[in-house]
Amino acid sequence: MSLVDRVRALLGSDAVDLAATPDGVPRVAPASPDAVALLLGTAREEGWRLRVEGAGTWLPADAPADLALTTRRLDKIPAIEPQDLSATAEAGIGCDVLRQQLADRGTWLALDPPGLAGRTLGSVVATASSGPLRQGFGPVRDHLLGVTFVTGDGRVVQSGGKVVKNVAGYDLTKLEAGGFGAFGVIVLVHLRLRALPRADQTLVLEGTREDLTQVAEDIAAAGLQPAALELMSPALARRERWALAVRFAGSAALVAADEAGLRAATGGRFTALRADEAHGCWMRAAESFATRPVTFRVGGLPDSSDELLDLLQHQVGDEWVSASPGVGAIRWGGETTVDRLRRLRRTLAGLEVPLTVERAAWPLRAAVGHFGAYREGAGPLIAGLRRTFDPGEAFVVAVEGTE
Amino acid sequence: MTPPSPSQSDSLVDALAGIVGARHVRTALPERMTYARDGLPTHRRVPGVVVLPGQRDEVIAVVRLLATLGVPLVPRGAGTGLSGGALADGDAVLIVLTRLNRILKIDPRNRLAVVEPGVVNVRLSAAAAPHGLHYTPDPSSQTACTIGGNVAENSGGPHCLKYGVTANHVLALEVVLADGRAVELGSPGGEPWGPDLVGLFVGSEGNFGIATRITVRLLPVPRAIRTQLADFDSLRTAGEAVSAVIASGIVPAALEMMDQSCIRAVEDSVYAAGYPRDAAAVLLVELDGGSDAAVEADAATVAEILRSHGARAVRTAADAAERERLWLGRKKAFGAMGRLSRDLVVQDAVVPRSALPDVLETIGEIAARYGLTVSNVFHAGDGNLHPNISFDGRVPGLKARVDAASGEIMTACIAAGGTITGEHGVGLDKLRYMPLIFDGDSLAAMRAVRRVWDPEERVNPGKVVPIHACREWYGSRNAERGTRNGFAPSGSAFRVSRSAFAP
Ligand SMILES: Cc1cc2nc3c(=O)[nH]c(=O)nc-3n(C[C@H](O)[C@H](O)[C@H](O)COP(=O)(O)OP(=O)(O)OC[C@H]3O[C@@H](n4cnc5c(N)ncnc54)[C@H](O)[C@@H]3O)c2cc1C
């Protein structure tokens, strides 16, 4: 029996789409976590290699594999609990659909990942891609209460739970968040929510990078706690010069006070955006990264932000850059080569700054790896964890690169 | 007396003394007995030898030595864990980390600190205070517990409602593995070098190795604070008020509840805080932020919600002194309850916040049925319950009744959609409940992960994962296919460069 026939026999013929992928790899869309487990159990027995896809809007669906497993039929939202500020959603749900349903119940997932609005929740978790809101609400992992994932040989593993505080057992959720799918297929996610903010105000200031970096420091020193404080390159902000966008979200009193504090700390130079302008500003910046061939993130310290931006400018250019100077995180988009990326990663490693490749075509991904520079001793741990969750090496993921 | 075991052999003791100095190796029974508990009266184990290294390099040398000899080891901080996690059997060496108590660096510009594991939680905030910063996770035990213990337990505290638990504040770690190798995890900015091994380590209860250096995030001390005390004439209305506050979208810095039995214990103690003795429950609510006007406005909204949800009165602390007094009563409540009886079991479980009113009632019923005194003092805003059972362990049969009642309380919390521990960990005490929330595959996955860090399961053995309940993990199936050597299974049409998978 051919591979496709086997999969059809397992999951039903409507679960397989033959012509869907550009490279002709059969695409399978299991409709339940159990179906994912069945497929992976068989993959393990047959030695098939799989790539995992969400909506296909972020990571190019181009890894060489026998099968493409897409989560897009795992698109249910089993629970939204406004009273508890928690929700449970399947991994294939689009972030836009989820956001709307949460808003209808007065709740909010305070994450604004890069990419198109329809990006799947699972892809955001697997790649741990947070956006400007990380300034006020933390990285992706801070929004997760638990996940259910399927291992490379078809076991269903739960970690965490639905409650906001939980230390029962080791926190395997942390391994799945940012594991790029190397440690399992995430099928279900329990989320920590916030109440939809009553007030949400974005203000923008244009200027030179140096000037705006200083302004960002003044804002931090003034004790303001913005939801986002993002320095954007001109192309990204679609402005003449660099832009510093500040977002305050919360109760009306809080936002009014913060806005006043911002004016006091910065001499009233910011322009307040209307709600639709603000939405457009943040959305365009997020989407821009899905249009560049390569995106990576680096995580430094707040006081090294400027120096890191200089380094990027020097080594790979700084046309498409978005930085959260308050937390030291920078996202870069653009065109670059394997050699340049490797060199940059080496330089950054010397500064104790990790570089994570977020999206790129397979040849570059495979050569450079999502990760690649480990501290001494961590490599064997990571290899051991991969063997634990994918003993047959079913998942095709460019974890480390080939250098 | 505990019989001598391999861990007590003269040669081992001499070798340990050679590393840390004879003064810092404890072998006499009375000395070892002082390490036999971790605050929970239902578990007691006497370690074979106790060793107190004073430097990171001494930790490494001790762990290497024990690895060579195959002797089990248990890391321990201040021993306040309350789940039996820091207890060692007679065949194991207890490594006490309280002498590693240096604050290595405070970096105000980047708002971070680097500490050794034995630093007592509250000392770090005190050291950061001159810079207008503090370390926010504030377990009620913070005057005693260590940052290393906090990392191992992923500890919480009243202010974790707004600011998150320990895991949200740890950026990087140096960990000494079971074989004595030191590995560095994470980066000072918090971005991992690959998968999030820092996140995985936090909450691993001493099973993955010993944290010897810890980099944490510091936050600005809030400029404006309002602390309110609301009292209620039923537990149910207090629970409902909690849900209402949470659903309002205002996130208090802290939202704590105490029931009548706890209120009276506090009021009868030296920590009397002025809680109304006739109240069935009080809520302690704190709001904070950068601006006085905004915090004032939010406080007014919260007070209104509390009143409209049945609070008899809402009082706001007039000054810092009153605020401290209100908090001291809360933070010392366990101590105060300790005076109610000879023994106190501090329980720990979590329920969805909307389930609080029902679960509190159920706990009351269980207590009545077992004829036990249960007092509640807990992190209500997180749904993190601490039902505390007072009893006298000398009364025959009473301990068994306490155990059975604890079990029923856990079952009730699980049935409400909750879990068996929110901050004290599984340790020994909660092992038996783990199969109630995790299936055999999920438990086996945890065990397999532990074996990546500690293949011999020699660090803090017998804790967290009930091995009997684990399903087999890649036993024969794995060996048969021989994929560990890294050969792609033959059925595949594609091969990915090996180096992408190589160790
Ligand atoms: C009165 C009281 C109130 C409490 N209130 C709270 C609260 O509000 N919130 C909360 O979360 N907890 C609370 N606790 C529980 C306890 O204080 C915390 O779990 C604390 O983090 C334990 O720290 P410790 O130094 O005492 O650790 P220990 O009890 O000594 O050890 C706890 C665990 O950590 C491991 N360990 C210790 N140090 C290391 C290290 N360096 N590396 C690796 N593993 C290590 C041990 O092996 C053990 O498994 C309370 C306890 C008491 C007695």
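Does segment A:201-211 contain any residue that is part of a strand (DSSP E or B) and among the polar types (S, T, N, Q)? Yes, there is a match, as at least one residue in segment A:201-211 is part of a strand (DSSP E or B) and among the polar types (S, T, N, Q).
Being part of a helix (DSSP H, G or I), surrounded by fewer than 24 Cβ atoms within 10 Å (Cβ to Cβ) and among the charged types (D, E, K, R) is the requirement here; does residue A:318 meet it? So residue A:318 fails the test. Of all residues in segment B:258-307, how many are more than 14 Å from chain A (Cβ to nearest Cβ) and either in contact (Cβ under 8 Å) with a residue 40 or more places away in the chain or surrounded by fewer than 23 Cβ atoms within 10 Å (Cβ to Cβ) (or both)? The number of residues fulfilling the criteria is 30. Step by step: first the residues of segment B:61-83, then only those that are farther than 17 Å from residue B:150 by Cβ and part of a loop (DSSP other than H, G, I, E, B), then the one that is most open to solvent (accessible area, probe 1.4 Å). Which residue is that? If we take residues in segment B:61-83 being farther than 17 Å from residue B:150 by Cβ and part of a loop (DSSP other than H, G, I, E, B), then B:70 is most open to solvent (accessible area, probe 1.4 Å). Could you tell me whether any residue of segment B:415-436 is closer than 17 Å to residue B:362 by Cα, more than 11 Å from every other protein chain (Cβ to nearest Cβ) and more than 16 Å from the ligand (Cβ to nearest atom)? There is at least one residue in segment B:415-436 that is closer than 17 Å to residue B:362 by Cα, more than 11 Å from every other protein chain (Cβ to nearest Cβ) and more than 16 Å from the ligand (Cβ to nearest atom). Look at segment B:204-247 and say how many of its residues are touching a residue at least 40 places away in the same chain (Cβ under 8 Å) and away from the ligand (no atom under 16 Å from the Cβ). Residues meeting the conditions: 30. Every listed requirement among (1) within 13 Å of the ligand (Cβ to nearest atom); (2) open to solvent by less than 10 Å² (accessible area, probe 1.4 Å); (3) at pLDDT 95 or above is met by residue B:40 save one, (3). Criterion applied to B:359, B:374 was being away from the ligand (no atom under 16 Å from the Cβ) and assigned to a strand (DSSP E or B), and the one residue passing it is B:374.
Every residue, every condition in (1) under 15 Å from the mean Cα position of the chain (by Cα); (2) at pLDDT below 95; (3) among the basic types (Lys, Arg), yes or no:
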residue	(1), (2), (3)
B:80	yes, no, no
B:113	no, no, no
B:116	no, no, no
B:123	no, no, yes
B:127	no, no, no
B:136	yes, no, no
B:139	yes, no, no
B:148	yes, no, no
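Between a first residue in segment A:212-228 that is away from every other protein chain (no Cβ under 11 Å) and a second residue that is of a type in the set (Lys, Arg), which pairs have beta carbons less than 6 Å apart while being 6 or more apart in sequence or on different chains? Close Cβ pairs satisfying both conditions: A:227/A:247; A:228/A:247.
Can you spot a residue in segment B:108-115 that is more than 14 Å from residue B:38 (Cα to Cα), open to solvent by less than 10 Å² (accessible area, probe 1.4 Å) and of a type outside the set (A, V, I, L, M, F, W, C)? No, because not a single residue in segment B:108-115 is more than 14 Å from residue B:38 (Cα to Cα), open to solvent by less than 10 Å² (accessible area, probe 1.4 Å) and of a type outside the set (A, V, I, L, M, F, W, C). In segment B:146-203, the qualifying residues are those that are among the hydrophobic types (A, V, I, L, M, F, W, C), farther than 20 Å from residue B:122 by Cα and assigned to a loop (DSSP other than H, G, I, E, B), and the one that is farthest from the ligand (Cβ to nearest atom) is B:193. Comparison of A:286, A:237, A:264, A:199 shows that the only residue that is aliphatic (A, V, I, L, M) and more than 26 Å from the chain's Cα centre (by Cα) is A:264. Considering segment A:356-365, the residues that are open to solvent by 10 Å² or more (accessible area, probe 1.4 Å) and touching a helix residue (DSSP H, G or I) at 6+ places or on another chain (Cβ under 9 Å) include one that is nearest to the other protein chains (Cβ to nearest Cβ), namely A:363. Just one of the listed residues (B:336, B:405, B:368, B:318) is in a helix (DSSP H, G or I) and open to solvent by 10 Å² or more (accessible area, probe 1.4 Å), namely B:368.
May I ask you to say which residue of A:368, A:353 is within 8 Å of chain B (Cβ to nearest Cβ), of a type in the set (Val, Ile, Thr) and open to solvent by less than 10 Å² (accessible area, probe 1.4 Å)?
Numbers: A:368 fails: within 8 Å of chain B (Cβ to nearest Cβ).
Exactly one of A:368, A:353 is within 8 Å of chain B (Cβ to nearest Cβ), of a type in the set (Val, Ile, Thr) and open to solvent by less than 10 Å² (accessible area, probe 1.4 Å), namely A:353.
Of all residue pairs spaced 6 or more apart or on separate chains, those with beta-carbon atoms under 6 Å, a first member in segment B:180-197 that is facing another protein chain (nearest Cβ under 7 Å) and over 18 Å from residue A:398 (Cβ atoms) and a second member that is open to solvent by 30 Å² or more (accessible area, probe 1.4 Å) and assigned to a loop (DSSP other than H, G, I, E, B) are B:184/A:375; B:187/A:352; B:188/A:301; B:189/A:301. Look at segment B:391-410: where a residue is more than 13 Å from residue B:430 (Cα to Cα) and a partner is open to solvent by 50 Å² or more (accessible area, probe 1.4 Å) and not in a helix (DSSP H, G or I), sitting 6+ places away or on another chain with Cβ atoms under 8 Å, you get B:391/B:342; B:391/B:373; B:392/B:342; B:393/B:342; B:394/B:342; B:401/B:371.
Being touching a strand residue (DSSP E or B) at 6+ places or on another chain (Cβ under 7 Å), assigned to a helix (DSSP H, G or I) and open to solvent by less than 10 Å² (accessible area, probe 1.4 Å): is that true of residue B:124 here?
So residue B:124 fits the description; yes.
When B:108, B:158, B:130 are checked against the criterion of being in contact with a helix residue (DSSP H, G or I) (Cβ under 6 Å, 6 or more places away or on another chain) and more than 21 Å from residue B:46 (Cα to Cα), B:108 stands alone in meeting it.
Looking at segment B:339-348, which of the residues that are assigned to a strand (DSSP E or B) and within 13 Å of the ligand (Cβ to nearest atom) is farthest from the other protein chains (Cβ to nearest Cβ)? So, considering only residues that are assigned to a strand (DSSP E or B) and within 13 Å of the ligand (Cβ to nearest atom), the one farthest from the other protein chains (Cβ to nearest Cβ) is B:344. For segment B:109-130, what are the residues that are touching a residue at least 40 places away in the same chain (Cβ under 8 Å) and away from the ligand (no atom under 12 Å from the Cβ)? Within segment B:109-130, B:110, B:111, B:112, B:113, B:114, B:124, B:128, B:129 meet the criteria.
Taking the numbered list (1) within 29 Å of residue B:126 (Cα to Cα); (2) within 13 Å of the ligand (Cβ to nearest atom); (3) more than 14 Å from every other protein chain (Cβ to nearest Cβ) in turn, residue B:83 passes all entries but (3). Every test in (1) near the ligand (Cβ under 8 Å from one of its atoms); (2) crowded, with 24+ Cβ neighbours inside 10 Å is passed by residue B:138 save one, and that test is (2). Among all positions in segment A:174-193, there is at least one residue which is crowded, with 21+ Cβ neighbours inside 10 Å, assigned to a helix (DSSP H, G or I) and without any contact (Cβ under 8 Å) to a residue 60 or more places away in the chain.
The values are calculated or read from the model by the stated rules, or taken from the named source; none is laboratory data. Source: prediction; values computed, not measured. Cβ: placed from backbone, ideal geometry, glycine included. Neighbour counts: every protein chain shown. The accessibility values were calculated without ligands, DNA or RNA, using every heavy atom of the protein model including side chains. Shrake-Rupley method; radii C 1.70, N 1.55, O 1.52, S 1.80 Å.
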